[in-house]
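K.L.:
Dropping the structure in here first, questions after.
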Amino acid sequence: MESIFRKKYMVQVSDIDFRRQLKLSSLFVYLQDMATEHAYNIGVGRDALQEKYGIIWVLNRAVVEIIRHPMFKEEITIETWPEQPDKVQFNRNFLVYDKGGNVIARAFSQWVVIDYQTRKLRRSSIIEEKFPKVDRERPITGILNKIKPIGGLNLSYKKTVGYSDIDINEHLNNAKYIDYIMDCFSLKLHKKYNISSIQIDYLHEALPGEIIQLYTDTAGLKDNFVYIEGINENTSSTIFKAQITIE
């Protein structure tokens, strides 16, 4: 059993923004690919869990800290490893290296399993397979227990979830949330600021045809952070909460 999984990526033109640097959503795609492939390698991939237990993986939280943004045509190496399961949570860690072996990004993700049919949360004990034990510290320690606004929320725009936004679970893919968040800000602001970290809590599924209202709270801008929240226009339920740090 491969306890730590490593893979190389070459940053392609489809993965970058106008600055020729890796988009944050593209990094989330890489991390998702890594988590998926490693889960299959250790016997707990989506297909196996759905067939044996009737459950699927769902991302609950993600935290990313960026030391330096990878650039177009740059080769990077990502490594990932899981922690031992909690009662309901499965934590997974990531480190991103440049070609010289320098750490340029760190990430932490928290997953749960839900019943494929009912979408209800299931305990981790339902999975009989053992997870590899890795004697390694978590690369990210600054994880907020609760993300909340400190000022007023202002509507940035509304977005309808479409075909191109959904994944194999027929709901809004975790990386697409990041694109939605980035679209809250003008190109002028993107030229002025860079993202140095993000924490996003995924609270409810967003399904095709649903309209998400994107709100921002910039009261923390003086301290270099912005709060973003997505709300389902029809049900008024909060889809996600996120906080980004800028520089």
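K.L.:
From the list SER124, SER164, which residue is closer than 28 Å to PRO82 by Cα and hydroxyl-bearing (Ser, Thr, Tyr)?
P.N.:
Only one candidate qualifies: SER124.
K.L.:
The conditions are (1) out of contact with any Gly (no Cβ under 8 Å at 6 or more places or on another chain); (2) closer than 17 Å to GLN32 by Cα, and TYR177 fails exactly one of them. Which is it?
P.N.:
(1)
K.L.:
Still on this structure, I have one more. What single numbered condition from (1) open to solvent by 10 Å² or more (accessible area, probe 1.4 Å); (2) within 24 Å of LYS176 (Cα to Cα) fails to hold for GLN84?
P.N.:
Only one criterion is unmet by GLN84, namely (2).
K.L.:
Taking the condition among the acidic types (Asp, Glu), under 28 Å from TYR227 (Cα atoms) and either touching a Ser or Thr at 6+ places or on another chain (Cβ under 8 Å) or open to solvent by 20 Å² or more (accessible area, probe 1.4 Å) (or both), does GLU75 pass?
P.N.:
For GLU75, the condition - among the acidic types (Asp, Glu), under 28 Å from TYR227 (Cα atoms) and either touching a Ser or Thr at 6+ places or on another chain (Cβ under 8 Å) or open to solvent by 20 Å² or more (accessible area, probe 1.4 Å) (or both) - is not met.
K.L.:
Looking at (1) closer than 20 Å to VAL113 by Cβ; (2) in contact with a strand residue (DSSP E or B) (Cβ under 9 Å, 6 or more places away or on another chain); (3) not small (Gly, Ala, Ser), which is the one condition that is false for ARG19?
P.N.:
Failing condition for ARG19: (1).
K.L.:
Restricting attention to segment 15-43, which residues are small (Gly, Ala, Ser) and over 19 Å from the mean Cα position of the chain (by Cα)?
P.N.:
The one that is small (Gly, Ala, Ser) and over 19 Å from the mean Cα position of the chain (by Cα): GLY43.
K.L.:
In a strand (DSSP E or B), touching a helix residue (DSSP H, G or I) at 6+ places or on another chain (Cβ under 7 Å) and either in contact (Cβ under 8 Å) with a residue 12 or more places away in the chain or under 15 Å from VAL29 (Cα atoms) (or both): is that true of ILE178 in this structure?
P.N.:
Here the answer is no, as ILE178 does not meet what is asked.
K.L.:
Output the residues belonging to segment 92-113 that are touching a strand residue (DSSP E or B) at 6+ places or on another chain (Cβ under 6 Å) and surrounded by fewer than 17 Cβ atoms within 10 Å (Cβ to Cβ).
P.N.:
Selection gives LYS99, VAL103.
K.L.:
For segment 186-195: of the residues being of a type in the set (A, V, I, L, M, F, W, C) and in contact (Cβ under 8 Å) with a residue 24 or more places away in the chain, which is least open to solvent (accessible area, probe 1.4 Å)? Explain how you work it out, then say what you get.
P.N.:
Initially, segment 186-195 is screened for residues of a type in the set (A, V, I, L, M, F, W, C), giving 187, 189, 195.
Next, only the ones that are in contact (Cβ under 8 Å) with a residue 24 or more places away in the chain stay: 187, 195.
Numbers: LEU187: 94, ILE195: 24 Å².
The qualifying residue least open to solvent (accessible area, probe 1.4 Å) is ILE195.
K.L.:
Which residues, taken from segment 134-171, are open to solvent by less than 50 Å² (accessible area, probe 1.4 Å), more than 15 Å from GLU210 (Cβ to Cβ) and not in a loop (DSSP other than H, G, I, E, B)?
P.N.:
Matches in segment 134-171: SER156 only.
K.L.:
Sort out which residues of segment 147-169 are out of contact with any strand residue (DSSP E or B) (no Cβ under 7 Å at 6 or more places or on another chain) and farther than 21 Å from LEU31 by Cβ, and write them in order of number. It would help to see each step written out before you state the result.
P.N.:
Narrowing segment 147-169 to residues out of contact with any strand residue (DSSP E or B) (no Cβ under 7 Å at 6 or more places or on another chain): 148, 162-164, 167-168.
Within segment 147-169, LYS148, GLY162, TYR163 meet the criteria.
K.L.:
Give ARG123, ARG119 a once-over and let me know the one that is at pLDDT 95 or above and either closer than 24 Å to GLY45 by Cβ or among the small types (Gly, Ala, Ser) (or both).
P.N.:
Criteria check complete, one pass: ARG123.
K.L.:
Please go through segment 200-242 and give me each residue that is open to solvent by 20 Å² or more (accessible area, probe 1.4 Å), part of a strand (DSSP E or B) and out of contact with any Lys or Arg (no Cβ under 9 Å at 6 or more places or on another chain), ordered by number.
P.N.:
Once the filter is applied, which keeps residues that are open to solvent by 20 Å² or more (accessible area, probe 1.4 Å), part of a strand (DSSP E or B) and out of contact with any Lys or Arg (no Cβ under 9 Å at 6 or more places or on another chain), segment 200-242 yields TYR215, PHE225, ILE231, THR238.
K.L.:
Now, a different point. Here is a check on your reading of the model: is LYS133 among the basic types (Lys, Arg), on the phi < 0 side of the Ramachandran plot and touching a residue at least 60 places away in the same chain (Cβ under 8 Å)? Quick ask: steps written out before the conclusion?
P.N.:
On the way: among the basic types (Lys, Arg): yes; on the phi < 0 side of the Ramachandran plot: yes; touching a residue at least 60 places away in the same chain (Cβ under 8 Å): yes.
Yes; evaluated as a whole, the condition is true for this residue.
K.L.:
Could you give every pair whose Cβ atoms fall below 7 Å, whose first residue belongs to segment 81-101 and is in contact (Cβ under 8 Å) with a residue 40 or more places away in the chain and basic (Lys, Arg), and whose second residue is assigned to a strand (DSSP E or B) and open to solvent by less than 20 Å² (accessible area, probe 1.4 Å), counting only separations of at least 6 or pairs across chains?
P.N.:
The qualifying pairs are ARG92/THR80; ARG92/PRO82; ARG92/SER109.
The values are calculated or read from the model by the stated rules, or taken from the named source; none is laboratory data. Everything numeric here is computed off the predicted structure, so don't read it as measured data. Counting neighbours? That spans all protein chains shown, and the Cβs are built from the backbone with ideal geometry, glycine included. All accessible areas refer to the heavy atoms of the entire protein, side chains included, with ligands and DNA or RNA removed. Shrake-Rupley method; radii C 1.70, N 1.55, O 1.52, S 1.80 Å.
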